[in-house]
Amino acid sequence: MYSLVLTLHSWVRWAALLLAVATTFSSLTERSGFEGRTDRLGLLLVLAVDVQMLLGLLLYLVLSPFTTAALRDFGAAMRTPALRFWAVEHSATMILAVVLVHVGRVLARKAQTPRARRARQTIAFGLATIAMVAATPWPGLPNGRPLFRL
């Protein structure tokens, strides 16, 4: 079960990252009303990050041997860089990204003008994209993982 969920989590990250970049770019370039492509991409981004978070929480709370070990002795985990990354840094930053996506979409819907909508979306989705890229365990980093799991 762990391998299956980990593989799904690894593949869904690409959908979430690509949608985050596309939605941010769309919010920068779109000049039409809120019902345009940015709104549709934003909805897909919300869905992707929610699925990704659900898979991540399943790994974090139930299946991952890294977080199971970290949660048993959190003090020791904070002194171990690899465990600290998975137990705190990765999860907290990704939760922040999910919150930014949701908040950005809500704030954009409440904006009074198209310009305000674009600004709110660009800021929120841009910050979410940065957070996602920063917390992804890229190959070559100390906690790096493969780009594509099979």
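The values are calculated or read from the model by the stated rules, or taken from the named source; none is laboratory data. Quantities reported herein were computed from a predicted structural model and do not represent experimental measurements. Quick reminder, even Gly has a Cβ in these numbers, built from the backbone with ideal geometry, and neighbours come from all protein chains shown.
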Output the residues belonging to the range 120-140 that are without any contact (Cβ under 8 Å) to a residue 24 or more places away in the chain and not in a helix (DSSP H, G or I).
Trp138, Pro139, Gly140
Kindly indicate whether Ser3 is part of a helix (DSSP H, G or I), hydroxyl-bearing (Ser, Thr, Tyr) and without any contact (Cβ under 8 Å) to a residue 12 or more places away in the chain.
yes
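Here's the yes/no breakdown for (1) free of Cβ contacts under 8 Å to residues at least 40 places away in the same chain; (2) in a helix (DSSP H, G or I); (3) not charged (D, E, K, R):
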| site | (1), (2), (3) |
| --- | --- |
| Val49 | no, yes, yes |
| Leu57 | yes, yes, yes |
| Ala69 | yes, yes, yes |
| Arg118 | no, yes, no |
If you check every pair at least six apart or on different chains, which have Cβ atoms under 6 Å apart with a residue in the range 22-33 that is farther than 18 Å from Leu127 by Cβ first and a residue that is modelled with pLDDT under 80 second?
Glu30/Gly36
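Residues are listed down the side, and each one gets a yes or a no for (1) over 12 Å from the mean Cα position of the chain (by Cα); (2) at positive phi; (3) not aliphatic (A, V, I, L, M):
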site: Ala15; (1), (2), (3): no, no, no
site: Leu41; (1), (2), (3): yes, no, no
site: Leu58; (1), (2), (3): yes, no, no
site: Ala70; (1), (2), (3): yes, no, no
site: Ala77; (1), (2), (3): yes, no, no
site: Phe85; (1), (2), (3): yes, no, yes
site: Glu89; (1), (2), (3): yes, no, yes
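For (1) at pLDDT 90 or above; (2) surrounded by 15 or more Cβ atoms within 10 Å (Cβ to Cβ); (3) touching a Leu at 6+ places or on another chain (Cβ under 6 Å), each residue gets a yes or a no:
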position: Leu63; (1), (2), (3): yes, yes, no
position: Ala69; (1), (2), (3): no, yes, no
position: Arg79; (1), (2), (3): yes, no, no
position: Gly104; (1), (2), (3): yes, yes, no
position: Leu107; (1), (2), (3): yes, yes, no
position: Arg118; (1), (2), (3): no, yes, no
position: Ala124; (1), (2), (3): yes, yes, yes
position: Thr129; (1), (2), (3): yes, yes, no
What about Thr93, is it in a helix (DSSP H, G or I), surrounded by 15 or more Cβ atoms within 10 Å (Cβ to Cβ) and either small (Gly, Ala, Ser) or at pLDDT 90 or above (or both)?
yes
Assuming Arg84 fulfils every condition listed in (1) part of a helix (DSSP H, G or I); (2) modelled with pLDDT under 90; (3) among the charged types (D, E, K, R) apart from one, which condition is it?
(2)
